[in-house]
Amino acid sequence: MADGGPSRKSSVSPGVTLEVEVARRGGAWPRELTDTKLAQAARAAINAAPPLPQGTYQLSLVLTDDDEMRNLNRTWRGKDAATNVLSFPADDEIREPGLLGDVVLAYETTLKEARAQDVALKDHVAHLVVHGVLHLIGFDHMQDEDAERMEAIERVALASLGIADPYAEVDEA
C-alpha cells in the first residue's frame with residue numbers, strides 16, 4: 001500500500017474516526033491517486049453526510065480492472081458488464097461504529113468516463129469514492145428525491161476537495 005500502510009486513521013467530524021484501507025488489485029491506476037487522496041475523498045463524504053454515531057469506522061477501497069468488476073457485477077447484481085463503482089455495505093443500516101463495507105472502482109470504465117466527461121481522472125475517481133461511500137452509509141438514488149439528496153451531499157463533499165460540481169452541466173441542460 002502506498003502512503004505508509006494499509007490503514008490511516010483520521011478524524012472526520014467530532015467524535016468520528018475513519019480508517020480507510022486501499023487495495024490495488026488491477027488496472028493501471030496512476031500513482032497520483034495516492035491512498036491519502038483516496039482516503040480524503042472518503043472522509044469528505046462522511047463529513048458532508050448527516051452525522052454518524054461517534055466512534056471509529058472502517059472501509060476498504062478496492063481499485064481493480066473491468067474484468068474483476070464485470071465478475072462482481074454479474075455475481076452480485078446479475079448484470080454481465082463492468083461498471084464504474086460498486087458498494088458493498090457491511091450492514092443494512094448503521095447502528096454503531098464499525099465496518100462500513102467496501103467500495104470497488106474499475107479502472108478502464110472510470111478512465112473512459114473521465115475522458116468522455118472531459119474531467120481529470122483524479123476528480124472523477126474522487127466523485128466515485130464519495131458516491132460509493134454514501135451508498136455504504138445508506139444513501140441511494142433509486143427515487144428522484146433520494147437522488148437529489150445524494151447529489152446535494154456529493155456536491156458539498158466534492159466542493160470541500162476543490163472539485164467542480166459534476167452535475168452542473170446536467171442541471172443546465
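Derivation of every value follows stated rules applied to the coordinates shown; laboratory data play no part. Please read these numbers as outputs of a predicted model, since none were measured by experiment. Heads up, the Cβs are rebuilt from the backbone with ideal geometry, glycines too, and the neighbour counts pull from every protein chain shown.
Across all directions, the average flat footprint of the convex hull enclosing the Cα atoms of the stretch 51-146 is 7.0 nm².
Three principal axis extents describe the C-alpha atoms of the chain; from largest down they are 40, 38, 33 Å.
Gyration tensor analysis over the Cα atoms of the stretch 99-148 returns equivalent ellipsoid semi-axes of 22, 15, 8 Å (largest first, whole Å). For Glu108, the shell of other residues with beta-carbons less than 12 Å away shows a net charge of -2, using +1 for Lys and Arg and -1 for Asp and Glu. Inter-label distance, Thr34 to Asp140: 3.7 nm, where each label sits 7 Å from its Cα along the C-beta direction.
Using Cα-Cα distances under 8 Å and only pairs 6 or more residues apart, what relative contact order does the stretch 48-116 have, in percent? Could you put the intermediate results ahead of the total?
On the way: 108 pairs, mean separation 27.7, N = 69.
Rounded, it is 40 percent for the stretch 48-116.
Net length available on complete extension from Ala23 to Arg149 is 42.4 nm, with 0.36 nm assigned per residue and the Cα-Cα distance removed.
If you take the square roots of the eigenvalues of the alpha-carbon gyration tensor of the stretch 18-83 and sort them as a ≥ b ≥ c, do you get rounded (a/c under 1.5), prolate (a/b over b/c) or oblate? Oblate, since a/c reaches 1.5 and b/c is not below a/b.
Taking 0.36 nm per residue of separation and subtracting the current Cα-Cα distance, fully stretching the chain between Asp67 and Tyr167 would add 33.2 nm.
Express as a percent, rounded to the nearest 5, the fraction of DSSP beta bridges in the stretch 14-135 (both residues included) that run antiparallel.
Numbers: 5 of 21 bridges.
So the antiparallel bridges in the stretch 14-135 amount to around 25 percent.
Put a dot 7 Å past the Cα of Ala159, heading toward its Cβ, do the same for Glu96, and the two dots end up 3.6 nm apart.
For the chain, what's the relative contact order in percent, using C-alpha pairs closer than 8 Å and at least 6 residues apart? Walk me through the numbers before you get to the answer.
Numbers: 308 pairs, mean separation 37.7, N = 173.
With pairs under 8 Å counted, the relative contact order is 22 percent.
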